[in-house]
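Enquirer: Sharing a structure here in structure tokens format.
The values are calculated or read from the model by the stated rules, or taken from the named source; none is laboratory data. Worth saying up front: this structure is predicted, and the values here are computed from it rather than measured. When we count neighbours, we look across all protein chains shown, and the Cβ atoms used for this are built from the backbone with ideal geometry, even at glycine.
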Amino acid sequence: MRWPITFNPITCIPNMLNTEEKTQAVVSALEDIKATNITVINTSKQSQLFERMVIASGNSNRQTRALADNVVVKLKELGEEIHGREGEETGDWVLIDLGEVIVHIMQPAVRTYYNLEELWNMKHIPPSPASGTK
């Protein structure tokens, strides 16, 4: 059981989703509004700030905002707290902070330009010179 347990004041549902359940709820909410190219990255070994990153594409500003709204609504229905939302003004790249799960909803051109999948899925990380490994 996670501590502290908090409750949704409207429904009194405890926030009990684990990381996998929360990630699946996000993916399901994105699929409801026809997001494309949904990718889930396990970042637990790369960052202490969050454990999963979900990246999805929307084909227009309107769709990216609708995808973000649906994720927020569905997760709130499950009693989860939304820590932050950014980028909804333009809709090119919307970020939703769900604590241990971060959601990026991007238009295809923006997603290609920033290429978060490559940045966070680093298969080979060269050793630092200070580590003494060769």
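Enquirer: Where the second residue is β-branched (Val, Ile, Thr) and part of a helix (DSSP H, G or I) and the first is under 18 Å from Gly79 (Cβ atoms) and at pLDDT 95 or above and lies in the range 25-37, which pairs have Cβ atoms under 9 Å and are six or more apart or on separate chains?
Expert: Short answer, once both residue conditions are applied: Ala25/Val71; Val26/Val71; Ala29/Val71; Ala29/Val72; Ala29/Val73.
Matching residues to (1) over 17 Å from Ser28 (Cβ atoms); (2) acidic (Asp, Glu):
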residue: Asn42; (1), (2): yes, no
residue: Met53; (1), (2): no, no
residue: Asn61; (1), (2): yes, no
residue: Arg65; (1), (2): yes, no
residue: Arg85; (1), (2): yes, no
residue: Asp92; (1), (2): yes, yes
residue: Tyr113; (1), (2): yes, no
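Enquirer: Same structure again: When only residues in the range 43-61 that are among the hydroxyl-bearing types (Ser, Thr, Tyr) and loosely packed, with under 15 Cβ neighbours inside 10 Å count, which is nearest to Thr90 (Cα to Cα)?
Expert: So in the range 43-61, the residues among the hydroxyl-bearing types (Ser, Thr, Tyr) come out as 43-44, 47, 57, 60.
The next check asks that each one be loosely packed, with under 15 Cβ neighbours inside 10 Å; those that pass are 44, 47, 60.
Numbers: Ser44: 30, Ser47: 28, Ser60: 10 Å.
Within the range 43-61, the match that is nearest to Thr90 (Cα to Cα) is Ser60.
Enquirer: If you scan the range 43-92, which residues turn out to be touching an Asp or Glu at 6+ places or on another chain (Cβ under 8 Å), in a loop (DSSP other than H, G, I, E, B) and hydrophobic (A, V, I, L, M, F, W, C)?
Expert: Passing the criteria: Phe50, Ile82.
Enquirer: Name the pairs whose Cβ atoms lie under 9 Å apart, with the first residue in the range 90-110 and closer than 14 Å to Arg62 by Cβ and of a type in the set (S, T, N, Q), the second at pLDDT below 95 and buried (at least 20 other Cβ atoms within 10 Å of the Cβ), and 6 or more positions between them or separate chains?
Expert: So the pair list comes out as Gln107/Gly91.
Enquirer: Kindly list the number of the only condition in (1) in contact (Cβ under 8 Å) with a residue 40 or more places away in the chain; (2) more than 12 Å from the chain's Cα centre (by Cα) that fails for Ile55.
Expert: Here Ile55 clears every test but (2).
Enquirer: Turning to a different aspect of this structure: Tell me, which residue of the range 62-98 that is of a type in the set (S, T, N, Q) and surrounded by 17 or more Cβ atoms within 10 Å (Cβ to Cβ) is farthest from Thr112 (Cα to Cα)? Reasoning before the result, please.
Expert: Residues of the range 62-98 of a type in the set (S, T, N, Q): 63-64, 70, 90.
Okay, now just the ones that are also surrounded by 17 or more Cβ atoms within 10 Å (Cβ to Cβ), so 63-64, 70.
Details: Gln63: 17, Thr64: 15, Asn70: 23 Å.
Within the range 62-98, the match that is farthest from Thr112 (Cα to Cα) is Asn70.
Enquirer: Quick one: would you say Ser47 is under 16 Å from Val103 (Cα atoms), among the polar types (S, T, N, Q) and modelled with pLDDT of 95 or more?
Expert: Working: under 16 Å from Val103 (Cα atoms): yes; among the polar types (S, T, N, Q): yes; modelled with pLDDT of 95 or more: no.
Considered against the rule, which asks whether it is under 16 Å from Val103 (Cα atoms), among the polar types (S, T, N, Q) and modelled with pLDDT of 95 or more, Ser47 comes out as no.
Enquirer: Any chance the range 2-14 includes a residue that's crowded, with 18+ Cβ neighbours inside 10 Å and either at pLDDT 90 or above or in a loop (DSSP other than H, G, I, E, B) (or both)? Outline the logic, then answer.
Expert: Filtering the range 2-14 down to residues crowded, with 18+ Cβ neighbours inside 10 Å leaves none.
No, every residue in the range 2-14 fails to be crowded, with 18+ Cβ neighbours inside 10 Å and either at pLDDT 90 or above or in a loop (DSSP other than H, G, I, E, B) (or both).
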